[in-house]
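In what follows, a single structure is set out as structure tokens and then discussed.
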Amino acid sequence: MEATPLALFWAGVIAGAILLYVVLDGFDLGVGVLFGTTREAAHRTAMMHVIAPYWDGNETWLIVVGAGLYAAFPSVYTVFLGAFYFPVLLLLLGLIFRGVAFEFRERANRTRPLWDWGFCLGSTVVAFVQGAALGAMMRGIPVADGQFTGGPFDWLAPFPLLTGLGLVLGYALLGAGWVVLKAEGELRDWAYRRIPWLVGAVLAVLVLAFTLTVNSGEVPRGNLQHRPGGLAFPVLGLLALAGTLYGAQRRRDGLPFALTVLFFLAAYVTLGVMFWPYMVPYSITVASAAAPEPSLSFLFYGAGIVALPVMLIYTIVVYWVFRGKARQGNGN
């Protein structure tokens, strides 16, 4: 059974929305993770300013992913919620708490330490559960008759915990690159000093996770080995990490963030090579999960032509308006 053009279109939209979310919300989650590693009040305030114009808009792409799955691939949505009910709950709680903490800390005096830790903890929880869910998907999700057949805590296995830690570190590296790109003075130097340590930690987790995945899974191993260019993307990711380290050593402000984005892109495409054509590894394909053609067509004209372009234009305009180094007090 082959996927129709509309099914492939919506699979591409969801894949693109996931990538945009990982990169855009990833850097502000990473800043939140790094937020708890400094006690300097000035650093913390400046870190808030470098993400203030962007953070709430970045999360919009997560809504696109959820709504897109619900409308275009309902069986995937059902299985995903069944398999990751607790991670999704923790994700939502983390996003809510970090959002409240972001707003309240600016107006708090005696309770500011509470909101500081709330912002850091919420960001870390969100990053961790995303990585753990990814690791659980890489192991494969048990499905029978279109329903999840595993347990509610399957995602707490050792490998998902490893990938959860890896994504926390990866987001922290992305956040450090963003701080370098947007900040000046002591905070910029502070972020530069953390990049080499984060690169080393990400590399260690990545090598271990990649080795375990290739050695234990016939499907991902076969896809990487036999599909054209499959092994080229992991190599590109390693080169991007090396370039990130080089950019930090040379104090090239734009390189660490740009090359960390390239690393995430290479890792994402590697996962695509490993998973395709499955949307739920390794049981539900794009073709078998797609909604009826009339529904996909309605979505195409209602959301694909109208809503998605508006969101993209809004995102581009925001990042263009607030380009350059951040200035305390006005967000730019």
The answer for trypsin sites (Lys or Arg not before Pro) in the stretch 19-121 that fall in a DSSP coil and have at most 14 neighbouring Cβ atoms within 10 Å is 39, 107, 110
Convex hull volume of the stretch 73-118 per residue (C-alpha atoms, cubic angstrom): 60
Per residue of the chain, what 222 nm ellipticity follows from adding -39500 (n - 2.57) for every DSSP H run with n ≥ 4, rounded to the nearest 500? -25000 deg cm²/dmol
Roughly speaking, to the nearest percent, how much of the stretch 30-100's 1.4 Å accessible area is carbon and sulfur? 73
Calculate the FRET efficiency for residue 249 and residue 4 from the Cβ-Cβ distance with a Förster distance of 41 Å, rounded to the nearest 0.05. 0.25
Cα-based Kirkwood hydrodynamic radius, the stretch 1-141, one decimal, Å: 16.4
Hypothetical label at residue 42: residues of the stretch 187-208 whose amide nitrogen lies under 13 Å (7 Å Cα-Cβ projection): 187-190
Dipole of the chain, positive end: most advanced residue of 10, 81, 258 [Cβ charges, Cα centre]: 258
Write down the accessible area per residue of the chain in Å², having rolled a 1.4 Å probe over the full set of protein chains. 47
Pull out a ≥ b ≥ c, the square roots of the eigenvalues of the alpha-carbon gyration tensor of the stretch 76-207, then state rounded if a/c is under 1.5, prolate if not and a/b is larger than b/c, and oblate in the remaining case. oblate
Amide proton proximity set for residue 279, modelled H, under 5 Å, gap of 5+: 284, 285, 286
How high is the FRET efficiency from residue 211 to residue 112, r the C-beta distance, R0 45 Å, rounded to 0.05? 0.55
Rounded, prolate or oblate: which one fits the stretch 108-185, using the alpha carbon gyration tensor with axes a ≥ b ≥ c (rounded when a/c is under 1.5, else prolate when a/b beats b/c, else oblate)? prolate
Here the residues of the stretch 52-91 lying in the modelled label zone of residue 298, meaning backbone nitrogen under 20 Å from a point 7 Å along Cα-to-Cβ, are 64-78
Which entry in (i) 18.7, 61; (ii) 19.9, 62; (iii) 18.4, 56 matches Rg and Dmax of the Cα atoms in Å derived from the coordinates of this structure? (ii)
For residue 143, list long-range residues whose amide hydrogen, built 1.01 Å from N in the peptide plane, is under 5 Å from its own amide hydrogen. 149
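The values are calculated or read from the model by the stated rules, or taken from the named source; none is laboratory data. The structure presented is a predicted model; accordingly, all values stated were derived computationally and were not measured. Every residue, glycine among them, receives a Cβ derived from its backbone with ideal geometry; neighbour counts consider all protein chains shown. What goes into the accessible areas is simple: the full protein's heavy atoms, side chains included, and nothing from ligands, DNA or RNA. Shrake-Rupley method; radii C 1.70, N 1.55, O 1.52, S 1.80 Å.
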